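What follows is calculated from the coordinates using simple rules that are stated; it is not laboratory data. For clarity, every value in this text was computed on a predicted model and none was experimentally measured. Note that we place each Cβ from the backbone using ideal geometry, even for glycine, and neighbour counts take in every protein chain shown.
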Amino acid sequence: MYNYKNNLFIRYLGIEPWILTYKKMNDFTQQRNNSTLDEIWMVEHTPVFTQGRTSKKEDILYFNHKIPIFYSNRGGKITYHAPGQQLMYVLINLKKRNINIRSLVLILEKTIINILFYIGIKADKLLYNYNPGVYVYNKKIASIGLKISRGYSLHGIAINVDMDLLPFSYINPCGLSQLKMIQIKDLIPSVKISIIKNLIINEFMKLLKKNSKI
């Protein structure tokens with residue numbers, strides 16, 4: 001399922017294994033060219049740990065589980081995905097939009113901060129020695145991981161909405177031993193992931209249009 005808005009395809013992938021989305025995302029990026037429309041992919045994943053390019057073996061604390069662990073070509077360290085966590089992958093032509101990776105990170109952070117504020121949660125960013133992401137009460141509620149290939153972005157953001165947070169205790173999330181995770185449901189028990197999904201899409205598109213040239 002997809003929608004077309006503001007020179008973007010928005011694809012709704014439902015719940016699917018991370019490795020499947022990962023392969024599709026890399027294939028799309030390798031095959032695209034300057035005339036290919038940018039895309040946003042909204043997806044939840046079946047339980048999985050993913051390790052970024054700077055991951056360390058010692059950040060896995062507990063192995064007695066059946067959750068798969070995969071290496072990823074995104075930046076950052078290890079994290080966890082599962083249903084109830086909303087992911088937005090941003091497959092953007094940065095050169096064509098005349099924005100750099102730092103600007104894209106700031107747009108993604110601002111997207112999360114703004115939608116949380118809209119539903120009544122005051123969030124922060126850039127804690128823990130400027131580790132990218134968004135935090136509430138010094139706990140991480142949203143993670144950001146990106147890769148840039150030939151001027152195109154891959155990966156994106158993951159925001160904890162209504163999920164089982166226990167597996168985060170099996171790792172040092174984002175390589176930080178003292179980092180605790182939080183989710184929207186802890187603060188707003190009635191939250192619906194469908195509402196969060198729509199807010200993220202609309203806010204990201206607004207900020208992207210404001211900060212890029214197309």
_Helix-only [θ]222 nm of the chain, DSSP H runs n ≥ 4, -39500 (n - 2.57) each, per residue, nearest 500_ = -8500 deg cm²/dmol
_Amide H contacts under 5 Å for VAL161, placed H, 5+ residues apart_ = GLN85, GLN86, ILE184
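List the pairs from LYS23/LYS96; LYS140/LYS185; LYS24/LYS209; LYS24/LYS180; LYS110/LYS139 whose alpha-carbon separation is above 22 Å, in the order I gave them.
LYS23/LYS96; LYS24/LYS209; LYS24/LYS180
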*For the chain, with a Gaussian network of springs between Cα atoms less than 10 Å apart, report the residue from THR50, THR36, THR79 with the top mean-square fluctuation.*
THR36
*Mind checking the range 138-185 for chymotrypsin sites (Phe, Trp or Tyr not before Pro) that DSSP puts in a loop (not H, G, I, E or B) and that have at most 12 other Cβ atoms within 10 Å?*
none
*Once you've got the GNM for the chain with C-alpha springs shorter than 10 Å, pick whichever of TYR71, TYR80, TYR118 has the biggest mean-square fluctuation.*
TYR118
*Structure-derived Cα extents along the principal axes in Å - corresponding label in (i) 47, 36, 34; (ii) 60, 31, 29; (iii) 49, 38, 27*: (i)
*Estimated inter-spin distance, ARG102 and PHE28, nm [label 7 Å along Cα→Cβ]*: 2.8 nm
